[in-house]
Amino acid sequence: MAPLSSRFHSPATALAGSERASRFVGDFQAALPLYEQARDAAARSTDRGLVLASKIDVLKIAVKEQRPDAVPELKRLAAEADTAGLKFLSNQSSLLVGEALLNAKQYPAARQELQRVVSRSDRMGLREVLARAHFLLATVAGNDADTARHFAEARRLVEEIRKESGSADLIRRVDLGPILTAPSR
């Protein structure tokens, strides 16, 4: 199956692409109206993946704003994506659930969710999601050895991605850049 981004050619895709450009530099408030427009455009689509992706995109903002009310909906979307066979979207939603739980200081639940994301992402070869999950796990690992291990793995994965992409701009991405710029732990 083609990657999610190459399968969607619609107004919703164009809007989501604009949002992703905003996300690249971290302007989530500017991205929110674009996410919402993409979600509304996707609602008219018969492509279940596009509809789910656009809903997840809107909820990313809620997570970045540290709103725990996003957790139930993200869990529902993760289950729906999993049922539909959209494993990447399911895993991405679960990563956002873990981040939202971490923001809400629900550390044991965040750790459990993020460990599931690590396991699934590793099996699926989703290095960006895997790196982010390891990075978030480093903040709730519970001991110095686990913290260091998760942080080192996150940094190693992002360095691999950066070398393969040949782009120095990776450091500007709000999802992966902090992994490279955070002080060593």
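Only the coordinates and a few stated rules stand behind these numbers; no lab work does. Keep in mind the model is a prediction, meaning the values are calculated, not measured. For neighbour counting, all protein chains shown are included, and Cβ atoms are generated from backbone atoms with ideal geometry for every residue, glycine included.
In this calculation the C-beta distance from Ala145 to Lys87 is compared with R0 = 35 Å, giving a FRET efficiency of 0.70. Can you figure out the FRET efficiency of Glu65 with Glu36, using R₀ = 22 Å and their beta-carbon distance, to the nearest 0.05? Efficiency, rounded to the nearest 0.05: 0.95. A viscosity of 1.567 mPa s and a temperature of 4 °C, combined with the Kirkwood radius over Cα pairs in Stokes-Einstein, give a translational diffusion coefficient for the range 68-185 of 90 µm²/s.
Between Arg156 and Asp122, the simple spin-label model (points 7 angstrom out along Cα→Cβ) gives 1.1 nm. Highest mean first, the peptides 138-146, 82-90 sorted by other C-beta atoms within 10 Å per residue fall in the order 82-90, 138-146.
Our estimate of slack between Gln115 and Ser165, defined as 0.36 nm per intervening residue step minus the Cα-Cα distance, is 15.3 nm.
Among the listed pairs Lys64/Lys163; Lys75/Lys105; Lys64/Lys105, those with a Cα-Cα distance over 22 Å are Lys64/Lys163.
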